[in-house]
Ligand SMILES: [Ca+2]
Ligand SMILES: [Ca+2]
Ligand SMILES: [Ca+2]
Ligand SMILES: [Ca+2]
């Protein structure tokens, strides 16, 4: 009995292995995005790296223009990880007929690890002579919600002076590559970091002493960034933000001393600043802010945080602004402004 089950297990295992090997050589059957992205390899490379595959694809959550335009495809059935992938077009109009919200699938597409990120290459012809096909299956899909993650799940790289390198110690963010993410309650610590000196570091202001609660971000794919500015206006040292949303990209170039993950903001909506009624700037507008405002209304004090229109006095005009800001940010109408209002 024991022997028989061992034998059948062996047969089972070898069948699986043959199936794995075939998947790499032939394009039989569509792979999902998690099939392509999931890896236990320490370098994070897809098991399909260097192979031509068919991919059942996902929803276009972002489209980035350029000479090599990109799509970020996300599988709405894989929101916890390994759920998104980038498609690179090799002509500026490669995705002219593709819109955000379309479900896109691809056939005969080459999987390639490039500088730490897994791409599906939408070029004219693969090296084996086959041609990739991109098809919009359906349109108008609701975009998957951004996955809310702790800042330390993305983790900024450390500077290693001896090697003059910025390297991330922990690659646990790999499962989040190319996914739509949101981090909350962060302050801008520093700018001008990274390979193109367009990265900035964000630190959780809820955990100011936790040096692991920092991550890198960039506005280089932000469609509302005014060129040639490297950043959108909110990104200045010391500024606090309630939320930053973007897609995650890895950038690895060990020859130049870089290996890091960066959250790429996409538009002005990617950044949610503090509510102006949040006078103590702790991320919430609550009774403490109301108390602070009332005190300043009665007895002027410094700094005049209640002077919302900056006219040198705290009066009923500021009270109106204070109330309006509070009301607008309290999306769920429960009387306080906090993280729950961002979930709606
Ligand atoms: Ca990667
Ligand atoms: Ca507050
Ligand atoms: Ca005033
Ligand atoms: Ca609320």
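Taken together, the values in this text are just the output of simple stated rules run on the coordinates, not laboratory data. The structure displayed is predicted, hence computed values, not measured ones. All Cβ positions, glycine included, derive from the backbone under ideal geometry; neighbour counts span all protein chains shown.
General observations
- 5 Å-binned pair-distance histogram of segment 28-138 (Cα, whole percent): 2, 13, 25, 27, 21, 10, 2, 0
- Principal axis analysis of the Cα atoms in segment 152-203 yields extents of 33, 23, 18 Å, listed in decreasing size.
- For the pair residue 131 and residue 344, label points projected 7 Å from Cα toward Cβ lie 5.1 nm apart.
- When the Gaussian network model of the chain links Cα atoms closer than 10 Å, the mean-square fluctuations of 167, 176, 248 top out at 167.
- A simple spin-label model places pseudo-atoms 7 Å from Cα toward Cβ; at residue 45 and residue 281 they are separated by 4.6 nm.
- Going from the residue with the fewest nearby Cβ atoms within 10 Å to the one with the most, 299, 188, 109 rank 299, 188, 109.
- Overall shape: rounded for segment 171-272, with the ratio a/c of the largest to smallest alpha carbon gyration tensor axis below 1.5.
- Packing-based exposure ordering (other Cβ within 10 Å, fewest first) of 195, 269, 313: 269, 313, 195
- The alpha carbons of the chain give a radius of gyration and a Dmax of 24.0, 88 Å, in that order.
- Each of residue 334 and residue 313 was given a label point 7 Å from its Cα along the Cα-to-Cβ line. The distance between the two points is 3.9 nm.
- Stokes-Einstein D in µm²/s, Kirkwood radius over Cα pairs - segment 200-336 at 37 °C with 0.692 mPa s viscosity: 191
- Of the residues 127, 218, the one with the fewest other Cβ atoms within 10 Å heads the list, and the complete ranking is 127, 218.
- Here segment 80-138 was treated as a single set of alpha-carbon atoms; its pair distances binned every 10 Å from 0 give 20, 54, 24, 2 percent.
- Measuring how big segment 287-342 is from its alpha-carbon positions, Rg and Dmax come out at 12.0, 34 Å.
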